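Structure record follows, encoded as structure tokens.
The values are calculated or read from the model by the stated rules, or taken from the named source; none is laboratory data. No experiment lies behind these values; they were computed from the predicted model shown. Cβ: placed from backbone, ideal geometry, glycine included. Neighbour counts: every protein chain shown. Each accessible area value is taken on the protein alone, full model and side chains, heavy atoms only, with ligands, DNA and RNA left out. Shrake-Rupley method; radii C 1.70, N 1.55, O 1.52, S 1.80 Å.
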Amino acid sequence: MILTNVTRIDADGRSSTGRHQAGSGTETVDGSGLLLLPGLIDLHAHLREPGFEESETIATGAHAALRGGFTTVCAMPNTQPAMDAPGLVAELTARARVARGARVLPVAAITRGRAGHELADLVELAAAGAVAFSDDGDPVDDARLFRSALEYARGAGRPVFEHSQDRVLSGRGVMHEGAVSADLGLAGLSPAAEETAIARDIAIARATGARLHLQHVSTAAGIDLVRSAKAAGASVTCEVTPHHLALLDEWVAGSRRFAWEPVRGASPPQAPRGVPYDSATKVNPPLRGEADVRALWAGLADGTVDAIATDHAPHASIRKDVEYAEAAFGISGIETALSVLLMAIDARMGELSVVVRALTSGPARVLGLALTDDAIVVDPLREWTVSVEALASRGKNTPLLGRRLRGRVVAAIVDGEVRYADPAWKGARRAEAVAR
Amino acid sequence: MTAAFARRHVLATDDWSRDEIELVMDQGAAMLEVLGRPIRRTPALRGRTVVLFFAEASTRTRVSFELAAKALSADVVNITTSGSSVEKGETLLDTVRTLQALGGDILVMRHSASGAPYFVADRVSGAVINAGDGWHAHPTQGLLDAFTLRAALGDLAGKRVVIAGDVMHSRVARSDIHTLIPLGASVTLSGPPTLMPLAWRCGQAPAGVSYEPDLDRALEGADAVIALRLQRERQEAGLLPSLREYAHVWGLTEERASRMRPGAPVLHPGPMNEGVEIEAAVAHGARSLIERQVTNGVAMRMALLYLLAPAAEVAA
Amino acid sequence: MTTLLSSDDVRRAISRIAHEIVERDHDTSRIALVGIRSRGDMLAKRLREAIQKNEGILVPLGALDITLYRDDLTRVGNAPIVRTTEIGFPVDDRVVVLVDDVLFTGRTVRAAMDALVDFGRPRAIRLAVLVDRGHRELPIRADFVGKNIPTQPTDDVRVHLSEGDGRDEVELVRAAVPA
């Protein structure tokens, strides 16, 4: 189609308003007030198939991704069985093709069964189509094995995506260790458990010269480590998640305040709040403090952070409708990510151009892949309420349930074909065009 | 006395006002009188059912609630679950569904997971009283401690109370803080750094709360001390070198207690490890209000059961 | 709004009831007064003073809160505040005179009797009220009455006592007649 009066932002963050082709076809649609963006790339999503189809499938996840504006998603390998064999990778690719949602890029396991004991067949996995290796969900605890993984991945021409966490230090923690965990009586996850692991991973990456990509960096000191590693020329990249850019540990105590919103009802009796201990806020790395959030945005602004990745982690309600300590970690976030980021931009947390780069050219560089012609159309002013019904993902586990968000993807184009279109938007646009 | 109690549940007192706390304490005083009568029973909750759901072993608190419910003529149903039901795959959600089907008016619950009462209160129609959840809160203990201290010291405004021991893992400490601070008291925490929340040691303690690692210094001139139980497994978890050293450095001895103002009382939520966190001479000495806490506990729980009953009726 | 009893009327009624109580039970050593909160306890205190003036003896005095014995607890929005009951003497074998300001449905007196017997077994329980306004819902009558006043069930009888309200007066407020 052809969009008129549309504001197009390219993968380098440059914007221009006018007439732009989006996908194939010559149908003309009034695009005024809309954004035309390159299809977003998510380096980090859990599609749960095979093994956990009650939480998500390749098809539901790939369609949820389109609604969120992501035309390419990297599927994490913590499936059952783990994505540790070439046949599984091929199967995933085949199923994704049939689903006709977002493009799905398989990330294969680093270790056999993700058990952390012996390497998976990394060269063959790469040949079968794995774009990266990761044991995500878990770190590779064994430093020697991690070194081998980096050396092998380098040979295979693939980056290693690492979930950096010192699991001895983090212990049985379930949320960020700080004043909120102290109040709630929940075991804390020390920021140091993430930072020591990042430091270890960077050191090994520098020693081997391999491409290391650090997943979901969530602390200020973690960003500092990446910044100095990059300054020293290490081939290290990193991602941050929308929830770490927007939400704070106080959400576990029932706060519903985005990091950029003012504190309400600070003096007792306190203003009404949400229910504390909402297991939808339980995520690893945990939601952290305001200083950390500011550091993540600063890291985005100065290029320390290469990508924004959703860490979309859908869970069936049975894994979340339990005590906080027992609940699974993870937030279903692929459909809310762009809205939240656009709201943050409105609140001047960061630049639109920076965010678009971190969702397009940034992740493409991490993968070493060329950009496609995929595109999405966004109505930045459209408001919507996050609800169980509004989410296409099987995972309804988001702390944003009930929140009103602004900004909505109205169309997603993959391979020249409109694979998702909001049922209402084009009709209304054509009617307006006629009326004019 | 025109203030009314408008809460549906008692899950924690962290957002309670001074007026609400005082109202409940005043009602507790009225209930204490009932407990002194020849017939310690009034018909206020006749026909009501109080369900005691204890998913963690506790004789003292359960019996206290049971006596309180019976003193108000409520019917009492006891439900205890052990680890075995969880092993069979019974989740808290399953239990909640059973509790809801039983249709009790007031659910008193003890659970090892912090926050579990919020989970339950969100899913049952009756009123919920938290009888202790994980490390988080034990609001009836906080209220009875404040009540006991008020009876001994009068108005608590300007008074300084020391809470000594394993604050990190103590729901009692958190509820004591959440009750004493609104009443105008200040709280000094003392104990090993490993048993103190990091944030509270680093300038992020709640308003009115400070940390003084040296117990002798913390007790100097204090108006009261609440000693906390030390769980023996903390040593196994590597949080302290030995019970012997703990008793030596942080045990409440008569010598230490005498650093407080003359006659300053000693409280302990029980059960005590005599010779570890508290010396027998202190536990059973003239300063000890530990037995008084037990009686006051029944009165405060009566007050809460009574105050929650109308809301429970509407909801049921 | 009409005044049913003036300050002098209240004073005279208390004085008369004090005499009647003693006349009824000559053995003043057995008599005890228990006022029902929150105005009956004030009246009971005045009765005790009147008996002391007349007889030179200070009879035991108690105050009773009947909230926990009410039969309408489940019908109220918030739990009514429970005030402390103070009965510092054994009630066994006493003639206990319950004292209240207004006798209406009789439910308060029923609750008070239930409460009182939890303290022991009195020889007799009698009832003294400042005003009896009729409309009983239970088989209860007063032994000593300051004044019988015919009322409509919807009327409001307001008792003011100087201890709490600054003045002694009993008023009748007629319910507004619905148009």
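Structure data summary
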| item | result |
| --- | --- |
| Separation between Cα centres of the range B:226-260 and the range A:123-150, rounded to whole Å | 47 Å |
| Kirkwood Rh and Cα Rg combined as Rg over Rh, evaluated for chain A | 0.96 |
| Apportionment of accessible area to carbon and sulfur, the protein assembly as shown, percent (1.4 Å) | 50 percent |
| Area hidden from solvent between B and A (accessible, protein heavy atoms only, 1.4 Å, total, Å²) | 1700 Å² |
| Charge sum, other residues only, whose C-beta stays under 13 Å from A:GLU351's C-beta, Lys/Arg counted +1 and Asp/Glu -1 | 0 |
| Interface residues in the range A:181-205 - accessible area drops by 50 Å² or more relative to the isolated chain, probe 1.4 Å | A:ALA182, A:ASP183, A:GLY185 |
| From the C-alpha gyration tensor of chain C, square roots of 5λ in Å | 26, 21, 14 |
| Rounded, prolate or oblate (a/c below 1.5 giving rounded, otherwise prolate when a/b exceeds b/c) for the range C:1-92 by Cα gyration tensor | oblate |
| Global geometry of the range C:75-152, whether rounded, prolate or oblate, following the gyration tensor of its Cα atoms and the 1.5 cut on a/c | oblate |
| At R0 = 60 Å, FRET efficiency that the Cβ-Cβ distance of A:ASN5 and A:ALA291 yields, to 0.05 | 0.90 |
| Simple label model, 7 Å out from Cα along Cβ direction - C:VAL117 to B:GLU33, nm | 2.2 nm |
| For the protein assembly as shown, diffusion coefficient by Stokes-Einstein and Kirkwood Rh (Cα), 20 °C, 1.002 mPa s, µm²/s | 67 µm²/s |
| Computed helical MRE - 222 nm, chain C, DSSP H runs ≥ 4 contributing -39500 (n - 2.57), nearest 500 | -8500 deg cm²/dmol |
| Per residue accessible area in Å² of the protein assembly as shown, where ligands, DNA and RNA are left out and the probe is 1.4 Å | 39 Å² |
| log10 of Debye I(q)/I(0), alpha-carbon scatterers only, for chain B at 0.10, 0.11 Å⁻¹ | -0.55, -0.67 |
| Cα-projected label distance for B:ASP214 with C:ARG158, points at 7 Å along beta-carbon direction, nm | 6.4 nm |
| List of the range C:63-97 residues, accessible area with partners at least 30 Å² below that of the chain alone (1.4 Å probe) | C:LEU68, C:TYR69, C:LEU73, C:THR74, C:ASN78, C:ALA79, C:ILE81, C:VAL82, C:ARG83, C:THR84, C:THR85 |
| Estimated [θ] at 222 nm from DSSP helical runs (n ≥ 4, -39500 (n - 2.57)) normalised by residues in chain A, nearest 500 | -9000 deg cm²/dmol |
| Values of log10 I(q)/I(0), in the order q = 0.14, 0.20 Å⁻¹, for the range A:95-217 under a Debye, Cα-only, solvent-free model | -0.65, -1.03 |
| Accessible area that becomes buried as C packs against B, both chains, 1.4 Å probe, Å², nearest 100 | 1800 Å² |
| Accessible heavy-atom area order of C:MET1, B:MET31, highest first, probe of 1.4 Å | C:MET1, B:MET31 |
| Virtual spin-label span in nm between A:ILE318 and C:ASP93, 7 Å along Cα→Cβ | 7.2 nm |
| Proximal charge balance of A:LEU186 [Cβ under 11 Å; K/R count +1, D/E count -1] | -3 |
| Complex-versus-alone comparison for the range B:119-153, residues with a loss of 30 Å² or more in accessible area, probe 1.4 Å | B:PHE119, B:TRP135, B:HIS136 |
| Gaussian network model of chain C, Cα within-10 Å springs - most flexible of C:GLY35, C:GLY88, C:GLY62 | C:GLY88 |
| In order through the range B:276-283: 3J(HN,Hα) via Karplus (6.51 cos²θ - 1.76 cosθ + 1.60), integer Hz, x for Gly, Pro | 9, 7, 8, 7, 4, 4, 7, 4 |
| Gyration tensor verdict on the range B:139-289 (Cα atoms; rounded if a/c is under 1.5, prolate if a/b is larger than b/c, oblate otherwise) | oblate |
